[in-house]
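We did not get these values from a lab; they are worked out from the coordinates using the rules stated. Because the structure is predicted, anything quoted here is derived from the model rather than measured. Methodologically, a virtual Cβ is constructed for each residue, glycine included, from the backbone with ideal geometry; neighbour enumeration extends over all protein chains shown.
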Amino acid sequence: MVYSKDLDRLLMCKRVKDPYKGLSNLVGGKIESGETGIQAAYRELLEETGITEEDISLHHIMDFTYYLQHCYVEVYAGKLKRDVRVSGDENELYWSDLNQDFFDMTLFAGEGNIGHMIEQVKMSRSILLDE
């Protein structure tokens, strides 16, 4: 979860393939063999957006384990230290204002998880986002 420097926007991507094709999602990817979760988070962020470790400090905020789907998800959040130009060729990137219904499953991927994650960040905002 990448918040803008002023904490008024959240970086999102529009998915171009399934699952969730056409829906908005957070930027992410898979942990590669030999990588820690935080290393993967910074690598995926660089690959998909051009944001570097010097641009943002990520905080590990939660994990999800989906036992029936054999899927494990680590969630990281951070606030940009400065304005950066994002670019990527995997999914269309855009900045969303925070006045969205992130629980709306017709617009956002993840069965409401994005809304849940945003609410968790709000609860610990001063710690997670270096305010």
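Show me the three semi-axes of the equivalent ellipsoid for region 2-128, from the C-alpha gyration tensor (sqrt of 5 times each eigenvalue), largest first, rounded to whole Å. Numbers along the way, then the final one.
Numbers: eigenvalues 76, 65, 53 Å².
Semi-axes from the Cα gyration tensor: 19, 18, 16 Å.
Counting alpha carbon pairs within less than 8 Å and at least 6 residues apart, what relative contact order, in whole percent, applies to region 2-128?
30 percent
Let me spell out the model: positive unit charges on the Cβ of Lys and Arg, negative unit charges on the Cβ of Asp and Glu, origin at the Cα centre of the chain. What dipole size does that give, in debye rounded to 20?
Working: 14 positive and 24 negative charges, 27 e Å.
With Lys and Arg at +1 and Asp and Glu at -1, about 120 debye.
Starting from the coordinates of the alpha-carbon atoms of region 19-83, obtain the Kirkwood hydrodynamic radius over all distinct pairs and give the value in Å to one decimal.
About 13.0 Å for region 19-83.
Lys/Arg Cβ at +1, Asp/Glu Cβ at -1, dipole of the chain taken about the Cα centre: which of C13, C71, L107 is farthest positive-ward?
Of C13, C71, L107, it is L107.
Among all the lysines, which ones have a C-alpha under 20 Å from K5's C-alpha, if same-chain residues fewer than 8 places away are not counted?
Reachable lysines: K79, K81, K122.
Summing -39500 (n - 2.57) over the DSSP H runs of n ≥ 4 in the chain and dividing by its residue number, what mean residue ellipticity at 222 nm do you reach, to the nearest 500 deg cm²/dmol?
-6000 deg cm²/dmol
DSSP loop (so not H, G, I, E, B), at most 12 other Cβ within 10 Å: list which GluC sites (Glu not before Pro) in region 67-128 pass both filters.
Those that pass, being in a loop and sparsely packed, are E111.
Extension gain V73-K21, at 0.36 nm per residue separation less the Cα-Cα distance, in nm?
Roughly 16.8 nm would be gained on extension.
Under a point spin-label approximation (7 Å from Cα along Cα-to-Cβ), what is the E92-F64 distance to one decimal in nm?
About 2.3 nm, to one decimal.
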